[in-house]
């Protein structure tokens with residue numbers, strides 16, 4: 001049984017110089033299998049919109065929803081305090097997922113995703129398919145949750161929606177990629193390679209106005225898009241081999257490269273750039289900064305070039321965050337990684353131009369002066385950088401199995417909201433949540449400055465080492481550690497302890513496995529994960 005979980009918290013797994021922020025769990029529910037929060041966004045009033053997928057029966061703050069099949073898509077609206085206003089489901093008998101949402105100036109909600117069912121029930125409409133692949137669905141709801149229209153395009157292969165953008169001209173762009181011959185309205189298009197990119201433009205009434213495709217002989221995908229106030233559309237994703245953007249052709253240096261492109265309102269290419277190395281490099285998230293620059297994120301494999309700037313990773317896939325000017329010239333690029341696969345899946349910004357990223361990592365990742373540690377599975381992270389790329393803080397949330405950071409958004413008053421999924425259990429700050437199924441949803445909130453807390457007060461000078469350990473744990477801290485609580489991987493407190501006169505903690509009598517140390521100092525509390533190999 002899975003759990004839908006909204007976590008409202010000010011900081012995750014960090015030691016605070018000011019008082020420790022309050023944490024509440026106002027919403028817990030469940031279903032039997034895989035659940036995920038895939039996209040979160042906000043409107044001008046601070047209302048939150050969440051898209052994802054669920055299975056079985058789920059309680060959304062007293063509103064019960066039940067999936068029709070293996071997985072159903074959902075879209076939910078919460079007010080600025082996190083109270084549920086409405087939730088709608090979309091689904092059939094197999095796997096259907098909500099992927100992307102955007103809000104127009106009238107607070108209409110545009111929702112896209114994929115469905116594998118023969119019949120997709122959405123509002124009072126039914127969309128039919130062969131049930132043989134993941135096809136796109138596009139839909140519109142009012143701000144009150146009333147269904148307006150739904151549409152789809154299908155073909156001989158998958159046509160998944162990856163993002164949706166409400167344009168300043170009133171039209172709506174649904175973006176993604178398509179495999180094999182696909183029918184966009186009456187137009188039949190066949191990709192040049194494994195898959196091509198599409199941008200489909202719809203009217204407010206749900207009519208397909210235009211579709212633009214880009215591709216070459218490899219596998220191409222568009223993962224994120226944003227429009228500026230002038231109506232220019234910025235897009236990122238990845239491509240293999242060669243891909244043509246109108247009259248501009250870019251060529252990958254390796255397996256897959258990152259692309260960054262700027263299109264006008266007629267979807268004519270104004271600028272396009274490629275970045276990468278000899279491996280598999282992917283653009284995954286994109287956001288437009290208050291300055292007009294564009295920040296984009298994703299992953300690089302071992303090393304990559306960004307406008308002549310060489311970025312060398314640690315091993316396998318590493319996180320990157322980069323900023324380019326409106327002409328797509330790189331201002332700066334940062335990479336963070338460890339010993340395995342790390343991804344920055346989404347980015348956003350506050351009013352000051354500070355940058356937030358979320359994603360997931362494995363093993364240890366060095367975010368400049370902050371090292372986050374995961375167990376043998378992935379953990380989610382939230383990262384904050386200033387507008388020059390300097391790390392302000394990095395926080396992790398995770399448990400004993402796979403945890404993912406999928407999407408984030410920042411409200412007009414700079415509240416940070418983020419969502420993803422976790423498996424089995426979730427540790428954050430000094431709290432522990434036990435999940436009930438294969439994967440559960442979380443929403444987190446970081447509220448800068450609330451309760452007198454200044455984000456610059458995060459400190460990361462409390463180091464626990466070595467990890468893994470043979471049982472003797474050492475500490476490096478500017479503050480005296482007053483008490484230590486030791487928890488096992490299921491969240492059960494095993495015992496309390498203090499650092500001995502040698503400055504270490506002897507856990508050699510404990511069984512091999514993952515444990516958590518909750519350490520209290522005069523300035524607050526911090527949680528650190530350790531692994532014992534006795």
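Read the figures in this text as sums done on the coordinates, not as results from a lab. Computed from a prediction, not measured in an experiment: that's the story for all the values here. Every residue, glycine among them, receives a Cβ derived from its backbone with ideal geometry; neighbour counts consider all protein chains shown.
Numerical summary
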read-out	value
Efficiency of FRET from Cβ geometry, residue 351 and residue 265, R₀ 22 Å, rounded to 0.05	0.25
Region 296-399: translational diffusion in µm²/s, Stokes-Einstein, Kirkwood Rh over Cα pairs, 20 °C, 1.002 mPa s	158 µm²/s
Rg/Rg_ref, region 465-532, where Rg_ref = 2.2 N^0.38 Å and atoms are Cα	1.02
Approximate spin-label separation residue 168-residue 476, in nm, with each point projected 7 Å along Cα-to-Cβ	5.0 nm
Pairwise centroid distance, computed over Cα atoms, of region 56-84 with region 196-268, Å	32 Å
Inter-probe distance in nm under a simple model that places probes 7 Å from Cα toward Cβ, at residue 205 and residue 79	3.5 nm
Alpha carbon Rg of the chain, scaled by the compact-globule rule 2.2 N^0.38 Å	0.96
Fraction of alpha-carbon pairs over 23 Å apart in region 31-216 - percent	38 percent
